Amino acid sequence: FISSFICILHGCYFPVVATGMVATAVAVTDRRTPGTLLEDETIELKSMKETARVLNEKKRASVSATSYNRAVLLTGWVPNSEISREVSSIVANIDNVRDVINEIRIGPKSTARTFARDSLITAKIKASFIDERKLNSNAVKVKTETGIVFLMGIVTQREADLAADISSRVVGVKKVVKVFEVLSEEEIKQIDAIL
């Protein structure tokens with residue numbers, strides 16, 4: 001049920017759409033530096049801009065880029081593997097990108113119902129993380145695509161396993177894929193001490 005995909009080079013941030021106070025609180029508890037947070041946001045914007053030409057030509061495609069600690073997770077759907085490879089190549093050549101994890105599905109477009117279900121799963125997982133005192137909920141980014149949950153973040157092995165276990169118990173989750181940058185407990189303590 002829980003798939004350990006790639007446990008290196010990736011992490012998380014929560015998109016903030018509320019007040020500056022909330023944004024500051026999230027940035028303070030995120031384990032990335034403010035510079036890296038800004039780089040990740042820039043990478044995501046550039047990824048969407050650079051791939052728009054390819055995706056617009058192929059009207060039946062939709063791709064999302066999620067960057068954490070300069071590693072980019074690509075999700076969504078395209079009609080064939082050639083487009084998937086092309087999008088991955090474009091993103092890999094964007095400034096400051098360290099790694100690209102291509103999880104783009106080949107096949108038909110997701111429905112609005114699927115999108116809504118995925119959004120609900122993500123919200124339930126995030127709420128479950130907040131309730132767990134042994135997990136820094138801002139250290140894990142959650143992305144759900146057709147019931148498959150991708151977890152990104154800079155975490156300890158204990159946090160990675162706990163986040164995956166919590167996620168796997170949410171109704172509607174088909175699989176959990178861990179895409180973490182795993183550090184030792186001591187390294188995480190050092191990062192958290194700086195925050």
Take residue 98 and tell me if it is modelled with pLDDT under 95 and of a type in the set (D, E, K, R).
no
Residue 123 vs. criteria open to solvent by less than 10 Å² (accessible area, probe 1.4 Å) and under 16 Å from the mean Cα position of the chain (by Cα)
no
Got a sec? Which strands (runs of 3 or more DSSP E) wholly within the range 46-124 have at least 1 residues that are in contact with a helix residue (DSSP H, G or I) (Cβ under 6 Å, 6 or more places away or on another chain) and more than 23 Å from residue 163 (Cβ to Cβ)?
62-68, 71-78
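Each row is one residue, and each column tells you yes or no for (1) in contact (Cβ under 8 Å) with a residue 24 or more places away in the chain; (2) of a type in the set (Asp, Glu).
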{"residue": "110", "(1), (2)": "yes, no"}
{"residue": "127", "(1), (2)": "no, no"}
{"residue": "132", "(1), (2)": "yes, yes"}
{"residue": "136", "(1), (2)": "yes, no"}
{"residue": "139", "(1), (2)": "yes, no"}
{"residue": "147", "(1), (2)": "yes, no"}
{"residue": "158", "(1), (2)": "yes, no"}
Filter the range 44-59 down to the residues that are of a type in the set (Lys, Arg) and either touching a strand residue (DSSP E or B) at 6+ places or on another chain (Cβ under 7 Å) or surrounded by 13 or more Cβ atoms within 10 Å (Cβ to Cβ) (or both) and list them by number.
46, 58
Please determine, by comparing only the residues of the range 132-147 that are touching a strand residue (DSSP E or B) at 6+ places or on another chain (Cβ under 9 Å) and among the small types (Gly, Ala, Ser), which one is surrounded by the most Cβ atoms within 10 Å (Cβ to Cβ).
139
Could you please tell me which pairs satisfy a Cβ distance under 6 Å, a separation of 6+ or placement on different chains, a first residue in the range 178-195 that is without any contact (Cβ under 8 Å) to a residue 40 or more places away in the chain, and a second residue that is part of a loop (DSSP other than H, G, I, E, B) and of a type outside the set (A, V, I, L, M)?
185/156
Can you tell me which of 115, 180, 129, 150 is open to solvent by 40 Å² or more (accessible area, probe 1.4 Å) and within 18 Å of the chain's Cα centre (by Cα)?
115
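The values are calculated or read from the model by the stated rules, or taken from the named source; none is laboratory data. All of these numbers come straight from a predicted model, not from anything done at the bench. Methodologically, a virtual Cβ is constructed for each residue, glycine included, from the backbone with ideal geometry; neighbour enumeration extends over all protein chains shown. Please note that ligands, DNA and RNA were not included when accessible areas were found on the heavy atoms of the full protein model with its side chains. Shrake-Rupley method; radii C 1.70, N 1.55, O 1.52, S 1.80 Å.
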